[in-house]
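The values are calculated or read from the model by the stated rules, or taken from the named source; none is laboratory data. Since we're looking at a predicted model, the values are computed, not measured. Virtual Cβ from ideal backbone geometry, glycine too; neighbours counted across all protein chains shown. Surface accessibility is based on the protein's heavy atoms, side chains included, excluding ligands, DNA and RNA. Shrake-Rupley method; radii C 1.70, N 1.55, O 1.52, S 1.80 Å.
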Amino acid sequence: MASLIPDNLKYTKDHEWAKLDGEMVIIGITDYAQSALGDIVFVELPAIGTELKAHQTFGVVESIKSVSDLFIPLSGKVIEVNSNLISTPEQCNISPYNEAWMIKIQPSQLKEYEELLSAKMYNDYINSLK
């Protein structure tokens, strides 16, 4: 299964992606994650204003196969939530890097962003799982 891995994003071994956008970081799940999960039928996201530490659970995705926790790649405060995913969770399968972004955070420790995996490192990691 070939996964789409954009070069302009950072990744985690939990299969989340992060994109630095000015002063905020946009977070979602990877193409690999949505493919492994199958048809996503429910997404639960945190409230705006929630403070999270790196690697903490920030939500849940439920597919026809399983329920999986979402882990925040870096510490910060939730400043925006993609509420469209509540009514159209299937966007996670269709467009994991665009329409299906999950949350936007104000990072509290930007150095954590630099420590995330590059596209090549993430690709090597998922290839090691096969």
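Scanning region 84-110 for residues that are under 20 Å from residue 57 (Cα atoms) and of a type in the set (D, E, K, R) gives a single hit, 104.
State all residues of region 48-82 that are among the hydrophobic types (A, V, I, L, M, F, W, C) and closer than 13 Å to residue 37 by Cβ; if no residue qualifies, say none.
Pass one, region 48-82, residues among the hydrophobic types (A, V, I, L, M, F, W, C): 48, 52, 54, 58, 60-61, 64, 67, 70-72, 74, 78-79, 81.
Correct list: 60, 61, 64, 67, 70.
The set of residues from region 19-65 being within 20 Å of residue 8 (Cα to Cα) and assigned to a loop (DSSP other than H, G, I, E, B) comprises 22, 23, 30.
Please indicate, with yes or no, whether at least one residue in region 97-114 is touching an Asp or Glu at 6+ places or on another chain (Cβ under 9 Å), closer than 16 Å to residue 21 by Cβ and charged (D, E, K, R). Taking every residue of region 97-114 in turn, at least one turns out to be touching an Asp or Glu at 6+ places or on another chain (Cβ under 9 Å), closer than 16 Å to residue 21 by Cβ and charged (D, E, K, R).
Would you point out the residue of region 83-107, among those that are assigned to a loop (DSSP other than H, G, I, E, B) and in contact (Cβ under 8 Å) with a residue 40 or more places away in the chain, that is nearest to residue 32 (Cα to Cα)? Show your work before the answer.
Kept after step one, since they are assigned to a loop (DSSP other than H, G, I, E, B), are these residues of region 83-107: 83, 88-90, 95-102.
If we keep only those that are in contact (Cβ under 8 Å) with a residue 40 or more places away in the chain as well, we get 89-90, 96-97, 100-102.
On the way: 89: 16, 90: 15, 96: 9, 97: 11, 100: 14, 101: 15, 102: 16 Å.
Filtering region 83-107 for residues that are assigned to a loop (DSSP other than H, G, I, E, B) and in contact (Cβ under 8 Å) with a residue 40 or more places away in the chain, the one nearest to residue 32 (Cα to Cα) comes out as 96.
Every condition in (1) assigned to a strand (DSSP E or B); (2) open to solvent by less than 30 Å² (accessible area, probe 1.4 Å) is met by residue 79 except one, and the failing one is (2).
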